[in-house]
């Protein structure tokens, strides 16, 4: 029997026991053998048949095994065709095709796939093609496994955060695809197939997709934006869309609006450019129709697990009014900023940080950057900058800190500068070892020592224009300070804690002052002397304290079950010499124009201040109180709820035996409490003078030694109330998911519907009320009052609309202070922001719209994906 007949007989005899796919593969091997019989004998052809559902083609045609399967399989041997129906699948190399129908032409190498059709001939289930980890959906798909080229119709390709749907797609190789009439969108509903219509898309007649190892790119011809399937005038002659997880360059879309003082504007128009792995740069521009402009370059840097930071600056010109009129003004502003933060894991023994903001004196009052208005930086009265380095040691109990600080006062235009400043601190330690193991007993074993050395250069109250000029160097002071503190404590009679402490302060400085009266100018002149001078001060104190408890119980069944009062009284004695005495040499006298002899310290205005005057030898007292009660509550599982009446109520004062007059000090009362499980907080303070004050006809007071005529010298109360969590909090704790069975679909998936088909949704909101009242007498009969109330909050009108804002009302002036309103709309693929300051000095509105998807933030960026992003738009 011939080999061919033998093969056919074997196939027929085992047909019932061999899967259909194996039969197809054996027939294909049979065809290959027929072809081999007609080849010249000297040609080397490697053919083999593998059991299962695979077949290896000749080496010059196939690079790998072709795998195929289906519910129904038909082979046309004369035409060398295989037809797969229902749940058809073909795999070759890294390509996998799943479809309702697949045909394979073994002569040409063409594979045709089609999706499932309905009765009208429309595709209802697409062809799924996966290659190199990417999934493609098409209506029809042609692939040639010999040339590796393919053509797809109505292909859906997901790239990064978006999807491309093209009428016709041609695959040239694994890296290059050409598309005809392609649509690109990042709509999440369209990507997740919740909606068949994208809320927006970019449409181009021709698209070229280039895939790389780390980055893909789409290059298009003319491209136009469609919103809700309606064409818009937003069109470009070409487009380049990068698809990458890495940072890429792009344009930063601005916001726009109007400011009453400077006109219409574009805010934060700019460009973003990454530089390598560790740096990026962005340049922002603000310009206004009345001539104002501002440019803001910024450099960000990051090294993972080491540090991150940024350099930023602003330079601009503010133009107000109309040139030639009285209200016209033109001013220049600048700002220099540096932020640096070290990763805590980088080095536990060394840390470096920087927070620098150096601005022109009128920067915030003349700022062109509207972001400073919306984040309330325009209300700043002072600007502080600090650079700090801290060194710790593994074996030494030392901490060395070096700092440089710069402080600007916008009210008087002065600057305070400390450069450099170094502090060496010795960690607290015990002077003596305990005798009984780790247990310390008695005053001697509990003695601890704290000490440190502080070196600094200081320039105080220098005008900004005098910085690094002769006036600044003349005002420069250098000094060294050493502090030593000893303390100890022990328990007496089980219930009392006795403490002792002693403090010494030593100062060396390079400048002292001599005050003299100039009769010609009729003023006091300060004559500074450069030379090393110093002073030492010391004090000691002792105190004893205990804790007392008082309980008040009520009869059984009462609403209030028990009240507990905890009192923590303490009495101390402090001694400090009078360092203003002539024997110390720290103080001298000068005559005023009225001929009065007035004392002053030669260290006045010095780098570490002046030594204190007046001997202190007296008692101090403090009475701490905490009052709580237990009430019956059905909400608590135990049936009892603890309510705090006063978390803290402290009364403090003192009596100075050494004082010649006014031996009793002011009485200070401070209280803090909260209600509704801590949601409402109340802080208050009260200052009472135990001596009588007599006022003249002008309302100016004179303090007398008439003790017992207590009068209020100051009072302050601060109140904070979150209305959304207390008074207006919903008693129904169930969420809409728990209350309603029907949930909306597609665009209404965030809604729940009741039996009457009314929509419901979770509606989070916040509303906070803050109030402040302060009264200070200060030697005046009527004193001064500060009274204001502020409110801020946010409300979600719908799952897509959010409103937020804040305002303050000053009861003294009867006017509204800074007020801001903000609106935000979530448009699925877009976000819309509107901020508005309706009145006041900075009356402005600002409107911004941007695409939410990260991938288009890089193509046409509205938020740069930078290293340092505390607030992307600020």
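Quick note: the coordinates plus some simple rules give every number you see, no bench work behind them. Everything quoted here is computed from the prediction, not taken from an experiment. Quick reminder, even Gly has a Cβ in these numbers, built from the backbone with ideal geometry, and neighbours come from all protein chains shown.
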Q) Going by average Cβ neighbours within 10 Å, how do the peptides 377-383, 95-101, 432-438 rank, with the highest at the top? A) 95-101, 377-383, 432-438
Q: May I ask for the equivalent-ellipsoid semi-axes of the stretch 193-346, computed as the square root of five times each C-alpha gyration tensor eigenvalue and listed largest first in whole Å?
A: 36, 29, 13
Q.
Residues of the stretch 449-471 with backbone nitrogen within less than 17 Å of a virtual label 7 Å along the Cα-to-Cβ line of residue 430, please, listed as ranges.
A. 449-450
Q) What list do you get for 680, 336 if you sort them by fewest beta carbons within 10 Å? A) 336, 680
Q: With a point put 7 Å past each Cα toward its Cβ, work out how far residue 196 is from residue 229 in nm, to one decimal.
A: 0.9
Q) Contour minus end-to-end for residue 832 and residue 215, with contour as 0.36 nm per residue of separation and end-to-end as the Cα-Cα distance? A) 219.2 nm
Q | Hull shadow area, averaged, the stretch 481-605 [alpha-carbon convex hull, nm²] | A | 15.4
Q: Rank by packing, highest mean first: peptides 643-652, 353-362, with packing defined as the count of other Cβ atoms within 10 Å averaged across residues.
A: 353-362, 643-652
Q.
What is the distance in Å between the Cα centroid of the stretch 90-144 and that of the stretch 629-701?
A. 81
**Q.** Spacing of the two label points (7 Å from each Cα toward its C-beta) at residue 692 and residue 781, in nm
**A.** 1.6
Q. How high is the FRET efficiency between residue 613 and residue 560 when r is their beta carbon distance and R₀ equals 41 Å, given to the nearest 0.05?
A. 0.20
Q. How many nm separate the modelled label positions at residue 719 and residue 381, each set 7 Å beyond the Cα in the direction of the Cβ?
A. 2.4
Q) Given only helices, namely DSSP H runs of n ≥ 4 each adding -39500 (n - 2.57), what is the per-residue ellipticity at 222 nm of the chain, to the nearest 500 deg cm²/dmol? A) -1500 deg cm²/dmol
Q) Once fully extended, how much extra length lies between residue 460 and residue 65, figured as 0.36 nm per residue of separation less the alpha-carbon to alpha-carbon distance? A) 133.9 nm
Q. If we sort 583-595, 665-677 on the protection proxy, mean other Cβ atoms within 10 Å, highest first, what's the order?
A. 665-677, 583-595
Q. How high is the relative contact order of the chain, in percent, with contacts defined as C-alpha pairs under 8 Å that are six or more residues apart?
A. 6
(Q) Which residues does the label zone of residue 448 cover in the stretch 401-430, counting backbone N under 12 Å from a point 7 Å along Cα→Cβ? (A) 427-430
Q.
Taking 0.36 nm per residue of sequence separation and subtracting the Cα-Cα distance, how much length would be gained by fully extending the chain between residue 676 and residue 278, in nm to one decimal?
A. 138.3 nm
Q) Which entry in [x] 187; [y] 368; [z] 320 matches volume of the Cα convex hull per residue in Å³ derived from the coordinates of this structure? A) [y]
